[in-house]
Structures are given as C-alpha cells and as structure tokens.
C-alpha cells in the first residue's frame, strides 16, 4: 500500500470527478490520502471530504501565497480547526520568496503561528519552501530551540545542504513527481540519500504529474509512478519503498494511526 501524503482534492481538475479519481488511485494501490488546505475558505470543504471518506485525511493551514489574505487569522482559530478528528496535519505553510505573492514578514508570522500550534497539538507542520532556504532554516532552528515539533518538507526540491540541515533538525522529506523529471538530477541524488525512516511520497496533485504522465492533470494514483522511480534510484523494490514510506506517514501523522 502507498499513501499520497499531499494532494489537493478540492482543486479544479480533481474535484469535478473526485470519486472516480480516488477509485483510480485505490486501484493503483494507494490506500490513504492527505487532502491539503491552503486558505481558511477551503477548510470546511477539505475537512468535509475527509469526514465523508474513511481513507482521506485533512490538513488545515495557510499557504504562503495566501498569507496577505489572512491578517486576522488567530492562533486560537487555527488551533480550534485542528480539533476535528479527521485533521491530522497543519499546513501547508512556509515561505515562498520566488513568487512573493505575500509580504515576507506576514509569511513568517503565519509560519511561526503554525509551528506554535503544531508544538501544542503534536500535529506535524507541512512546509512549503521556495527560494527561501536560509530563512526557512533560520525559523525552524529558532522555533526548535523553543520546543520540538514534528514537521515535513513537502515537495522537496531544495539543495542537498538544505536537506541535510532539515534532517538534522528532525524533519522528514516528501518527494513529488518532480523527482522523475529529466532536469532534476540534483534532486535525484538527494533522493538516494534520504534515510529510510524520514522519506515520504506525494503527488501535490493536480500539479506536477510525474513521468510518464507529463502534461496531464496529476492524480493521486500517480504517486505509484513516483514511488517506483524513487525505488529504482535507491536500488529498492517498490514493495520495500511502499512499506516504509507508509509506515513513516503513520508515524509522523500519528493522529491517523490512532
């Protein structure tokens, strides 16, 4: 069994035929899905889908692109949203200095708020970072000094050095279909070295369809293609990689295991 640890089931391209999309993924051997939110207005729908489908889980959070749209979001509001039994993660949150769709100070404020709630609840923070490696590491290190918290770098595309630093801080790393791209040689080298107990797989669907599905709307079932590619890189079987990445998912997202 595989787990798609990061998908957006309410996004255009998936939501119109969500049941069929999930059935295709189940047929490909995907046994669980983490449905990710990126803004407050999505929370009810994301959590509603998780409550309606026993193999779908939910996260609540604010993507850095949307930080400027949530100046009034309080820690208490985010904390309250985590109390739903189907909410097992916080995010996605983090820093995006590539697009800079939101003020960097506001991105940082919300990132720290998510971490604070993660520290209290024990739910992992799902982190997006792009062109912000130094700032992301600085915040993570500073917050870890205040008290440990579980966290995951989703859709990892950063440098080998960044990967080493986040692993030293105790985080896990999730790889998406980007690792299958021809121009992802550096990422492929990183993928070979992530410790077995820290690696997860995801689609980030409907985005980033892996080879051989490039150009198509990405679906959660495509996580099998990504997992197969990573297994080959690492000299493992798909069955081995599926077993330990699924185990890692339930250890990190322990509320789902409970």
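Values in this text are rule-based calculations from the coordinates and carry no lab data. This is a predicted model, so every value here is computed, not measured. For neighbour counting, all protein chains shown are included, and Cβ atoms are generated from backbone atoms with ideal geometry for every residue, glycine included.
Just a few scattered comments:
- Protection proxy ranking, highest mean first, for peptides 118-131, 176-189: 118-131, 176-189, where packing is the per-residue count of other beta-carbon atoms within 10 Å, averaged.
- Spatial offset of segment 190-224 relative to segment 113-146 amounts to 23 Å, using the alpha carbon center of each.
- Segments 197-210, 236-249 sorted - mean Cβ within 10 Å per residue, highest first: 197-210, 236-249
- Ranking of 172, 5 by neighbouring Cβ atoms within 10 Å, starting from the fewest: 172, 5.
- In nm, spacing of pseudo-spin labels at residue 75 and residue 243 (7 Å Cα→C-beta vector): 4.3
- The coefficient of translational diffusion for segment 91-163, derived via Stokes-Einstein from the alpha carbon Kirkwood radius under 37 °C and 0.692 mPa s, stands at 267 µm²/s.
- In percent, rounded to a whole number, the relative contact order of the chain is 21, using alpha-carbon pairs under 8 Å and six or more apart.
- Working note: Cα atoms of the chain, range along each principal axis, descending, whole Å: 44, 41, 35.
- Only helices enter the 222 nm calculation for the chain: every DSSP H run of n ≥ 4 contributes -39,500 (n - 2.57), and dividing by all residues gives -12500 deg cm²/dmol, rounded to 500.
- Compactness of segment 107-202 as Cα Rg over 2.2 N^0.38 Å, two decimals: 1.06
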